[in-house]
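Let me begin by presenting the structure, written as structure tokens, before commenting on it.
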Amino acid sequence: KAGVTQTPRYLIKTRGQQVTLSCSPISGHRSVSWYQQTPGQGLQFLFEYFSETQRNKGNFPGRFSGRQFSNSRSEMNVSTLELGDSALYLCASSLVESSPLHFGNGTRLTVT
Amino acid sequence: SQQGEEDPQALSIQEGENATMNCSYKTSINNLQWYRQNSGRGLVHLILIRSNEREKHSGRLRVTLDTSKKSSSLLITASRAADTASYFCATVNHGSGNTGKLIFGQGTTLQVKP
């Protein structure tokens with residue numbers, strides 16, 4: 001069974017631009033979560049989607065948004081990029097509640 | 001904000017030795033999980049311990065949970081060079097009802113020297 005797939009693997013953007021990251025969960029997994037990882041703040045929860053509905057949201061500004069499609073694939077979008085948005089963005093999926101998360105290898109976003 | 005605090009931040013040992021990492025958290029939890037991350041990669045789930053469990057084993061891993069002290073420890077026995085990675089504890093808060101929302105600690109960086 002294929003793991004969680006995130007595309008692209010690397011991205012370089014300029015301040016003020018916007019970016020869309022994609023995540024394909026493990027087949028059959030309906031919950032998809034997104035995390036931001038930076039050296040200073042560590043791993044921080046962005047949001048979680050289940051059956052196309054945002055179920056939970058972290059403490060990030062409205063520039064960060066996401067969605068989930070009927071096939072459980074998810075995208076997150078960051079608008080008006082800032083230098084501080086440079087990070088590793090990780091997507092994770094899970095089968096059912098209380099089950100462990102399966103992470104993708106992330107998208108490394110660099111904002112210049 | 002991060003809930004888990006991990007100790008030590010960095011640990012360097014020789015192959016064959018045991019490695020112990022500790023994690024403390026602040027609120028009531030449903031479960032506590034440990035993950036491993038190799039440099040620049042995604043996290044890999046290692047073990048999950050529920051709030052009503054005190055100890056759990058998986059291969060060379062042993063996890064303990066003390067809910068009265070709001071702390072957990074991860075022991076890796078007979079370490080190998082391949083165990084070199086960062087290790088994170090993560091909690092699912094009690095009543096959150098959102099198991100996709102994990103609160104991660106800052107992690108312990110383990111180096112195992114051959």
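The values are calculated or read from the model by the stated rules, or taken from the named source; none is laboratory data. These figures come from a predicted structure and were not determined experimentally. Every residue, glycine as well, gets a Cβ built from its backbone with ideal geometry; the counts of neighbours run over all protein chains shown.
Scan A:Ser27, A:Ser74 and give me the residue that is crowded, with 22+ Cβ neighbours inside 10 Å and either more than 10 Å from chain B (Cβ to nearest Cβ) or over 19 Å from B:Leu102 (Cα atoms) (or both). First the steps, then the outcome.
Working: A:Ser27 fails: crowded, with 22+ Cβ neighbours inside 10 Å.
The conditions single out A:Ser74.
Would you call A:Phe69 aromatic (Phe, Trp, Tyr) and within 14 Å of another protein chain (Cβ to nearest Cβ)?
Working: aromatic (Phe, Trp, Tyr): yes; within 14 Å of another protein chain (Cβ to nearest Cβ): no.
Spelling it out, it is not the case that A:Phe69 is aromatic (Phe, Trp, Tyr) and within 14 Å of another protein chain (Cβ to nearest Cβ).
Name the one entry in B:Leu110, B:Leu48 that is within 9 Å of chain A (Cβ to nearest Cβ), assigned to a strand (DSSP E or B) and either surrounded by 15 or more Cβ atoms within 10 Å (Cβ to Cβ) or at pLDDT 95 or above (or both).
On the way: B:Leu110 fails: within 9 Å of chain A (Cβ to nearest Cβ).
Unique residue meeting the criteria: B:Leu48.
Return yes when A:Ser86 is away from chain B (no Cβ under 11 Å), touching a residue at least 24 places away in the same chain (Cβ under 8 Å) and more than 25 Å from A:Gly28 (Cβ to Cβ) and no when it is not. Can you show your working first?
On the way: away from chain B (no Cβ under 11 Å): yes; touching a residue at least 24 places away in the same chain (Cβ under 8 Å): yes; more than 25 Å from A:Gly28 (Cβ to Cβ): yes.
Against the criterion (away from chain B (no Cβ under 11 Å), touching a residue at least 24 places away in the same chain (Cβ under 8 Å) and more than 25 Å from A:Gly28 (Cβ to Cβ)), A:Ser86 qualifies.
Based on what the data block shows, is A:Arg9 away from every other protein chain (no Cβ under 14 Å), surrounded by fewer than 21 Cβ atoms within 10 Å (Cβ to Cβ) and either modelled with pLDDT of 95 or more or touching a Lys or Arg at 6+ places or on another chain (Cβ under 7 Å) (or both)?
Values: away from every other protein chain (no Cβ under 14 Å): no; surrounded by fewer than 21 Cβ atoms within 10 Å (Cβ to Cβ): yes; either modelled with pLDDT of 95 or more or touching a Lys or Arg at 6+ places or on another chain (Cβ under 7 Å) (or both): yes.
Considered against the rule, which asks whether it is away from every other protein chain (no Cβ under 14 Å), surrounded by fewer than 21 Cβ atoms within 10 Å (Cβ to Cβ) and either modelled with pLDDT of 95 or more or touching a Lys or Arg at 6+ places or on another chain (Cβ under 7 Å) (or both), A:Arg9 comes out as no.
Please list, ordered by residue number, the strands (runs of 3 or more DSSP E) wholly in segment A:50-112 having 3 or more residues that are of a type in the set (S, T, N, Q) and closer than 30 Å to B:Trp34 by Cβ. Show your work before the answer.
On the way: elements: A:53-57, A:64-68, A:74-78, A:87-94, A:107-111.
Hits in segment A:50-112: A:53-57.
Applying the selection to segment A:21-49, what residues are in contact with a strand residue (DSSP E or B) (Cβ under 7 Å, 6 or more places away or on another chain) and assigned to a loop (DSSP other than H, G, I, E, B)?
Correct list: A:Pro25, A:Ile26, A:His29, A:Arg30.
One line per residue, one yes/no per condition, for (1) within 14 Å of chain A (Cβ to nearest Cβ); (2) surrounded by fewer than 17 Cβ atoms within 10 Å (Cβ to Cβ); (3) more than 10 Å from the chain's Cα centre (by Cα):
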{"site": "B:Thr27", "(1), (2), (3)": "no, yes, yes"}
{"site": "B:Asn38", "(1), (2), (3)": "yes, yes, yes"}
{"site": "B:Leu65", "(1), (2), (3)": "no, no, yes"}
{"site": "B:Ser72", "(1), (2), (3)": "no, no, no"}
{"site": "B:Ala78", "(1), (2), (3)": "no, yes, yes"}
{"site": "B:Ala81", "(1), (2), (3)": "no, yes, yes"}
